[in-house]
Structures are given as structure tokens and as C-alpha cells.
1. Looking at 126, 122, 160, which is the one that is within 28 Å of residue 84 (Cα to Cα), out of contact with any His (no Cβ under 7 Å at 6 or more places or on another chain) and surrounded by 15 or more Cβ atoms within 10 Å (Cβ to Cβ)?
2. Here are 99, 128, 152, 168: which of them is without any contact (Cβ under 8 Å) to a residue 24 or more places away in the chain and of a type in the set (Val, Ile, Thr)?
3. Take the residues in the stretch 39-68 that are under 19 Å from residue 5 (Cα atoms) and hydroxyl-bearing (Ser, Thr, Tyr), then tell me which one is surrounded by the fewest Cβ atoms within 10 Å (Cβ to Cβ).
4. Output the qualifying pairs, or none if there are none: Cβ atoms under 6 angstrom, residues six or more apart or on different chains, first residue in the stretch 10-27 and without any contact (Cβ under 8 Å) to a residue 24 or more places away in the chain and surrounded by fewer than 18 Cβ atoms within 10 Å (Cβ to Cβ), second residue assigned to a loop (DSSP other than H, G, I, E, B) and β-branched (Val, Ile, Thr).
5. Determine which member of the set 103, 142 is surrounded by 15 or more Cβ atoms within 10 Å (Cβ to Cβ) and hydrophobic (A, V, I, L, M, F, W, C).
Amino acid sequence: MSIETLKALVPDYAKDIKLNFSSLADDETLTQQQLWGTFLVSALATRQAQVIAEIGAVAAEKLTPEALNAARTAASIMAMNNIYYRFVHLASNEEYSTIPAKLRMNALARPGVDKVDFELWSLAVSAINGCGMCIDSHEAGLKAHNVPAEQIQTAVRVASVVHALAAILDAEQAFPVAAAV
């Protein structure tokens, strides 16, 4: 299992996704922990089994067990928070924004990795899940830690490319290129 395995599955019509995937895998804007944690949380957020398996295998080689666990934690907490806070943000009834969430989020206080890394990962998942409130919150947290916009953008670029890769693989499974020809 490897990045090469995933790239080999990308059809010619999605060559740009393959090229972006390759360049991001070698990106030096983020630390290795930030980069591979972002790849992992993004894969988890897509829910696409093959993307999770392939990226997870590479991430397991590049991350400590603590970082792997923290990335899984970020993906799971954001899967919950992104739905709840997207509802609060999108609901016409503003009363919901005044009611306590009453959702346990203890992991946010002690994520098991540097707070900046956890915030980057949370931002990536929030971008995939389309939660504006969470995007704003995590971006503000990163800015408060003086994280440059280029690093924030890289995390979101990883999320966007991993999401696109998952969408392509799902589409190919449902309607292969050979069937389209």
C-alpha cells in the first residue's frame, strides 16, 4: 500500500488531481507530522475505504502512535462538531446559537499533539465537511499561534485533493472509465 497505488488508480481525465497529490505528498510547507496528519484526517473525513487504507498505511509509517491517535481524534470530533455547528450557523432561528452545545469535546483540551497540529487537522476536516463556523474558529486559533497563511492554505489544499481523489475513486467504482468509452 502506498501513494503510488492510489496514483495508479487515478484515470487520465483526473491527471491534475494525480499531479497535485504527488506534489503535496512532497510538500515542505508543513512539518512531516502536520502534513501526514492532514493527509490522514482528510482521508478519514472522505469515508472512502481505499483512500483511508492507502493513506493510513503511509501515515502509520510517518507518524508516531500518539500523532496517529490524535489525527483520528481530530477526525472524529470534527465529524460531530461540523454537523452541529453547521446546523447552528445555517439555521434561520438564531436561538440555537444561544443554547449550549452540550457535546463532550474533552479531546480539544488535550489532543496528544501540539495544539497547532491538531488545529490544522481540525481545519482540514472542517473544510471537507463545509462548516464555516468551524473553519473560522480553527483558522483564528492558528492565526493566534502565528501560523502563516501559506501553511493554513497547504492544509486545505491537502484536504481538497484528498477529497477529490476519494470522489474520483467512488465515481470510478460506480461508473468506470471503460463504461464511459
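1. Just one listed residue meets the conditions, 160.
2. On the way: 128 fails: without any contact (Cβ under 8 Å) to a residue 24 or more places away in the chain; 152 fails: without any contact (Cβ under 8 Å) to a residue 24 or more places away in the chain; 168 fails: without any contact (Cβ under 8 Å) to a residue 24 or more places away in the chain.
99 is the lone residue from the list that is without any contact (Cβ under 8 Å) to a residue 24 or more places away in the chain and of a type in the set (Val, Ile, Thr).
3. It comes out as 46.
4. Hits for this filter: zero, empty list.
5. Working: 103 fails: surrounded by 15 or more Cβ atoms within 10 Å (Cβ to Cβ).
The match here is 142.
Residues checked against (1) modelled with pLDDT of 95 or more; (2) touching a His at 6+ places or on another chain (Cβ under 7 Å); (3) hydroxyl-bearing (Ser, Thr, Tyr):
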{"site": "29", "(1), (2), (3)": "yes, no, yes"}
{"site": "39", "(1), (2), (3)": "yes, no, no"}
{"site": "46", "(1), (2), (3)": "yes, yes, yes"}
{"site": "49", "(1), (2), (3)": "yes, no, no"}
{"site": "54", "(1), (2), (3)": "yes, no, no"}
{"site": "59", "(1), (2), (3)": "yes, no, no"}
{"site": "84", "(1), (2), (3)": "yes, no, yes"}
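The values are calculated or read from the model by the stated rules, or taken from the named source; none is laboratory data. Computed from a predicted model, the values in this text were never measured in an experiment. Cβ: placed from backbone, ideal geometry, glycine included. Neighbour counts: every protein chain shown.
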